[in-house]
Amino acid sequence: PILNIDLTKFNDDEVISLYPKILKELKKKDIIRTNNLVGDLGEYWTRRKYNETPNLPKLQDAPKSTKNIDAISVKGERYAIKSTSGSGTGVFASLPIEKDDKVYFEYLVIVIFDKEYILKEIYELSWNQFEKYRRIKPPENKWNVPITKELKYDAKKIFFLKK
């Protein structure tokens, strides 16, 4: 860990009060925009890695209430970004489950964190790859993407934590 604070020295109220202070500071630094810490961290790392890596498109935030996408490239390509520390993405809440031949984004970026929110991996999938790997997740009855070895092999690798 970068910063090692012994939280056992704090009482319950003090530990609880740290969380909103941390969120406020992350917002002030433009790292997060909402209280969805994991989702916003994924968007932050995606923008940062794309924007500082030659040969990757430069990304900016999509307008706040835009459905299905989180970032837009300077060329206008639409990016959905999903963050996880588990074995699959969260659900795509506003994508229809019935086939309608509509492309809702050009790229899906999957950001993988460890249990301490340290960035481990970033993968990029095209819309066609998203359609190949997506599954209906019960009980929500919405699409999600299980993160498999095959997916990691097929996807474009944007970032990989060197050990």
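The values are calculated or read from the model by the stated rules, or taken from the named source; none is laboratory data. Note that the coordinates shown come from a computational prediction; the quantities given were computed from them, not determined experimentally. Neighbour counts run over all protein chains shown; Cβ positions are idealised from the backbone, glycine included. Surface areas here come from the heavy atoms of the whole protein model, side chains and all, with no ligands, DNA or RNA. Shrake-Rupley method; radii C 1.70, N 1.55, O 1.52, S 1.80 Å.
Quick notes on this one:
- Over 19 Å between alpha carbons, listed pairs K21/K162; K49/K137; K82/K156; K102/K152; K58/K149; K49/K120: K21/K162; K49/K137; K102/K152; K58/K149
- Each Lys and Arg adds +1 at its Cβ and each Asp and Glu adds -1 at its Cβ; summed about the Cα centre, the chain shows a dipole of about 360 debye.
- Heavy-atom accessible surface of D101, to the nearest 10 Å², is about 130 Å², with a 1.4 Å probe and all protein chains retained.
- Under a Gaussian network description of the chain, with springs only between Cα atoms under 10 Å, the residue in A80, A62, A71 that fluctuates furthest is A62.
- Solvent exposure, largest accessible area first (probe 1.4 Å, DNA, RNA and ligands not counted), of I112, I22: I22, I112
- Bridge type composition, the chain - antiparallel percent by DSSP, nearest 5: 75
- With DNA, RNA and ligands ignored, accessible area of D13 (1.4 Å probe; Å², nearest 10): 120
- Entry comment: accessible area of the range 34-163 is 57 Å² per residue, from protein heavy atoms only and a probe of 1.4 Å.
- Relative to the longest principal axis of the Cα atoms of the chain, helix 12-28 runs at roughly 50 degrees.
- Note on surface exposure: E77, E43 rank E77, E43 by accessible area, highest first, 1.4 Å probe.
- Placed amide H near F159: partners under 5 Å, 5+ positions off or other chain: I122
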